[in-house]
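Taking it in order: structure first as structure tokens, then the write-up.
The values are calculated or read from the model by the stated rules, or taken from the named source; none is laboratory data. Note that this is a predicted model, so its numbers are computed, not measured. Don't worry about glycine lacking a Cβ; one is built from the backbone with ideal geometry, like all the others, and counts go over all protein chains shown. Ligands, DNA and RNA are excluded from the accessible area calculation, which covers all protein heavy atoms including side chains. Shrake-Rupley method; radii C 1.70, N 1.55, O 1.52, S 1.80 Å.
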Amino acid sequence: MIGYYVHHVGAGHLHRATALAEVLDLPVTGLSSLPRPAGWRGPWVELPRDDHDPAPTGVDANGRLHWVPEHDAGLRGRMARLSAWIGEAAPALLVSDVSVEVSLLARLHGVPVLGVVLPGDRSDDAHRLGLDVCDALVGLWPEGSPDLATGLAEAQRARLHRVGALSRFPVAAPAPRRPGPRRVTVLAGRGGAFDPAVLAAAQEQTPDWAWTLLGGGTWVDDPWRAVVDADVVVTHAGQNALAEVAAARRPAVVLPQDRPHAEQATTASVLASGGWPVLVEPTAPADGWAERLERAAALDGSAWAGWCDGHAAERFADVVRSMLPARPRAVSA
């Protein structure tokens, strides 16, 4: 039995957990404030939320942690439930995706920890502490590219396994264009990442393109068909969105959003310097969209193969297996 802690903000953590659980040959218990997702095959422990207090205090423990609000009943219940599960299940390993506090809690119970490392500057004291206690680390970007996580200590980098971008969808085979106007699909994320006025201006400037907006008020669980059918995808620089664009082999316009630790800005910078089939704009531009979509559509989407080859989940699973205790061999009579 292993546990997988799934952070409740964003969709990528859950998608990674699901993809890993599907390829592992042992039970995986999901640990999250999210409700049990449809199709999850193993146990699921729903944790209390710890972010309902409108005026939390002492949230970072003097800079050593990220989120431990004082006297918070949700935090207390959350950590107690995790401790109880560890005591009951005696997991062989916990995957932390991602929480410094959960990594520490598991390690204080004697459970080895595999930490998922996100892009951006992870040199702050809390990240250093959380990553230091992990027995191994996984980065969801390709081997050989510049590391998307900056500020790692040398010992942390030595424990980092770069498994490539992980898409919940299989890599798409090249397909001919569908008839009709050229299509652009916008991946705006759960929160609606882009200024509606900018998107409206972009559509006005490109009357020959058919636009599909996914995200915000038009959230769909399965964006795959709209991504595969697009001639160009306009997306933020979140790991999950980029992995799915890469798996679909579609060229993209990437508009990084402001996130803690410069997460998306760092990813966009690596994409801009690496010969990938993208146009990166530091901020969402209000004009020039007709020419921008033409340039993007001319890029070769097959160049995404080095970013997402469809085998990241298997490599992730290999790291997990390498950390598990050896199973005793059966003794023949």
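Which residue out of VAL117, VAL98, VAL102, VAL138 is open to solvent by 10 Å² or more (accessible area, probe 1.4 Å), touching a residue at least 24 places away in the same chain (Cβ under 8 Å) and in contact with a helix residue (DSSP H, G or I) (Cβ under 8 Å, 6 or more places away or on another chain)?
From the options VAL117, VAL98, VAL102, VAL138, the qualifying one is VAL98.
Filter the range 85-103 down to the residues that are not aliphatic (A, V, I, L, M) and not in a helix (DSSP H, G or I) and list them by number. Once the filter is applied, which keeps residues that are not aliphatic (A, V, I, L, M) and not in a helix (DSSP H, G or I), the range 85-103 yields PRO91, SER96, ASP97, SER99. The helices (runs of 4 or more DSSP H) located wholly in the range 190-302 that include 3 or more residues which are of a type in the set (Gly, Ala, Ser) and open to solvent by 20 Å² or more (accessible area, probe 1.4 Å) occupy 196-205, 263-273. Considering only the range 19-41, I want to know if a residue exists there that is open to solvent by 40 Å² or more (accessible area, probe 1.4 Å), part of a helix (DSSP H, G or I) and either at pLDDT below 95 or touching a helix residue (DSSP H, G or I) at 6+ places or on another chain (Cβ under 9 Å) (or both). Checked against the condition, which is being open to solvent by 40 Å² or more (accessible area, probe 1.4 Å), part of a helix (DSSP H, G or I) and either at pLDDT below 95 or touching a helix residue (DSSP H, G or I) at 6+ places or on another chain (Cβ under 9 Å) (or both), the range 19-41 yields at least one hit. Looking across the range 277-321, the residues that are under 18 Å from VAL234 (Cβ atoms), free of Cβ contacts under 8 Å to residues at least 40 places away in the same chain and among the charged types (D, E, K, R) come down to GLU281, GLU291, ARG292, GLU294, ARG295.
Within the range 1-18, which residues are assigned to a loop (DSSP other than H, G, I, E, B), farther than 18 Å from GLU101 by Cβ and within 19 Å of the chain's Cα centre (by Cα)?
Going through the range 1-18, the residues assigned to a loop (DSSP other than H, G, I, E, B) turn out to be 1, 7-11.
Next cut, farther than 18 Å from GLU101 by Cβ only: 1, 11.
Hit for the range 1-18 is ALA11, nothing else.
Could you tell me whether the range 76-85 includes any residue that is closer than 18 Å to VAL319 by Cα and in contact (Cβ under 8 Å) with a residue 12 or more places away in the chain?
No - not one qualifying residue is present in the range 76-85.
Restricting attention to the range 68-84 and to residues that are touching a helix residue (DSSP H, G or I) at 6+ places or on another chain (Cβ under 7 Å) and assigned to a loop (DSSP other than H, G, I, E, B), the residue that is most open to solvent (accessible area, probe 1.4 Å) turns out to be VAL68.
Right, GLY63: open to solvent by less than 70 Å² (accessible area, probe 1.4 Å), of a type outside the set (A, V, I, L, M, F, W, C) and assigned to a helix (DSSP H, G or I) or not?
Criteria not met by GLY63.
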